[in-house]
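The structure appears below as C-alpha cells.
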Amino acid sequence: MDAAASVEIRGALVRLRRSTGLPVAFGGMVEPGRPRMRISELNGTATESLSRLAVTAGNGLGGKAVALARPCAVTDYSVSRQITHEYDAAVAAEGLRSVLAIPVVVRRRVRGVLYGALRTAQPLGDRTLTAAVQAARDVEQALVVRDEVRGLLAAARPAPYDDRGAAWEQVREAHAALRALAPRISDPALRTDLLDACGLLTQGTPAPPPDHRPTVQLAPREVDVLSCVAAGATNAVTAEHLGLRTETVKSYLRSAMRKLGAHTRGEAVAAARRGGLLP
C-alpha cells in the first residue's frame with residue numbers, strides 16, 4: 001500500500017473510533033491485481049495478531065465485505081454462521097467478538113476495508129454502522145481526488161504547451177474542476193495537497209516573459225472563479241460549482257479583472273494565463 005493510502009486509512013480509523021465509540025479499529029487496502037486485502041493499520045489493538053493479515057475476498061468478515069461491496073457485521077465472530085472462519089485464531093488472539101467491516105468503494109471497485117470491533121458480544125446499532133460508513137466515505141473521497149490528481153499530472157507532464165491543443169484544454173477543464181472541489185474537502189491536509197497539485201498543473205505553462213509577469217496576487221476564490229470562467233462556465237454555473245451566490249461570483253470576478261487590468265472576462269482569463277495563474 002502506498003504511503004498516501006496508509007495515511008488515509010490511519011486517519012479514518014481514528015475518526016471511526018471517535019465517532020462510534022468502538023475501542024478497536026483496523027483496516028487496509030486491497031492489493032492491486034489480487035483478490036485480497038491486507039490489514040496494515042491498527043488502532044486500539046492489544047496485540048499484533050491482525051498485523052499484515054492477508055484476507056482473501058469471500059473469506060471471513062472482511063473478505064465478505066470485499067466480495068459483496070457492502071458493509072457486513074457479526075455479533076459474535078467466532079460462532080457466526082454468516083461468515084467463514086479462516087481467521088478465527090487472529091481474531092481470538094485480539095479478543096474480538098462483535099465486528100463490523102466497511103468496504104471502501106471507488107468507482108465500483110473495492111479498494112480497502114475498515115473494521116471496528118468490540119471485545120464483548122453485543123449488537124452494533126444503526127448509529128454505529130452509519131458513523132463507520134462515513135469514515136469509509138471519507139477515504140473514498142480522498143482516493144478519488146488523489147487518483148484524479150495523479151492522472152492529471154501524468155497527462156500534463158508530457159503535453160507541450162499549445163493554446164489550441166485539445167489535450168491542454170482538457171487539463172484546463174480539470175484544473176477548474178479541482179479548484180471547485182478543493183473548498184469542499186474537509187481534510188485540511190488533503191485540501192492543501194489538492195491546491196498544490198493545481199499549482200503544479202499551472203507550472204506546465206511556459207514561464208511568461210518579464211513584461212507579462214503579474215505584479216498582483218489574486219485571492220484563492222478569485223482564482224477559483226477565473227478557473228471556472230476559463231472553462232466556459234457562466235456566473236450561475238460557477239456559483240453552483242463553488243457553492244457561492246451568483247452576486248458573490250460577480251464580485252470576485254470584478255475584483256480579479258480590476259487587479260489584472262482587464263475590461264472583459266476573456267481579457268482577465270488571458271491575463272491570468274500569461275501570468276502563470278491559470279494553465
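Kindly check whether there is at least one residue in region 66-88 that is among the small types (Gly, Ala, Ser) and touching a Phe, Trp or Tyr at 6+ places or on another chain (Cβ under 8 Å). Can you show your working first?
As a first pass, look at region 66-88 and keep what is among the small types (Gly, Ala, Ser): 67, 69, 73, 78, 80.
With the extra rule that they be touching a Phe, Trp or Tyr at 6+ places or on another chain (Cβ under 8 Å), the set shrinks to none.
No, because not a single residue in region 66-88 is among the small types (Gly, Ala, Ser) and touching a Phe, Trp or Tyr at 6+ places or on another chain (Cβ under 8 Å).
If we keep just the residues of region 99-110 that are surrounded by fewer than 21 Cβ atoms within 10 Å (Cβ to Cβ) and in contact with a helix residue (DSSP H, G or I) (Cβ under 8 Å, 6 or more places away or on another chain), which is nearest to residue 40 (Cα to Cα)? So, considering only residues that are surrounded by fewer than 21 Cβ atoms within 10 Å (Cβ to Cβ) and in contact with a helix residue (DSSP H, G or I) (Cβ under 8 Å, 6 or more places away or on another chain), the one nearest to residue 40 (Cα to Cα) is 110. Give 93, 65, 73, 89 a once-over and let me know the one that is part of a helix (DSSP H, G or I) and buried (at least 18 other Cβ atoms within 10 Å of the Cβ). Just one listed residue meets the conditions, 65. Residue-level check: of (1) small (Gly, Ala, Ser); (2) within 18 Å of residue 25 (Cα to Cα); (3) out of contact with any helix residue (DSSP H, G or I) (no Cβ under 7 Å at 6 or more places or on another chain), residue 67 misses just (2).
When residue 6 is tested against (1) among the small types (Gly, Ala, Ser); (2) crowded, with 16+ Cβ neighbours inside 10 Å; (3) not in a strand (DSSP E or B), exactly one condition is not met: (2). Among residues of region 112-150 being within 20 Å of residue 31 (Cα to Cα) and surrounded by fewer than 20 Cβ atoms within 10 Å (Cβ to Cβ), the one that is modelled with the lowest pLDDT is 150.
The values are calculated or read from the model by the stated rules, or taken from the named source; none is laboratory data. Keep in mind it's a predicted model, so treat the numbers as computed, not measured. Cβ sites come from the backbone with ideal geometry, for glycine too, and all protein chains shown count toward neighbours.
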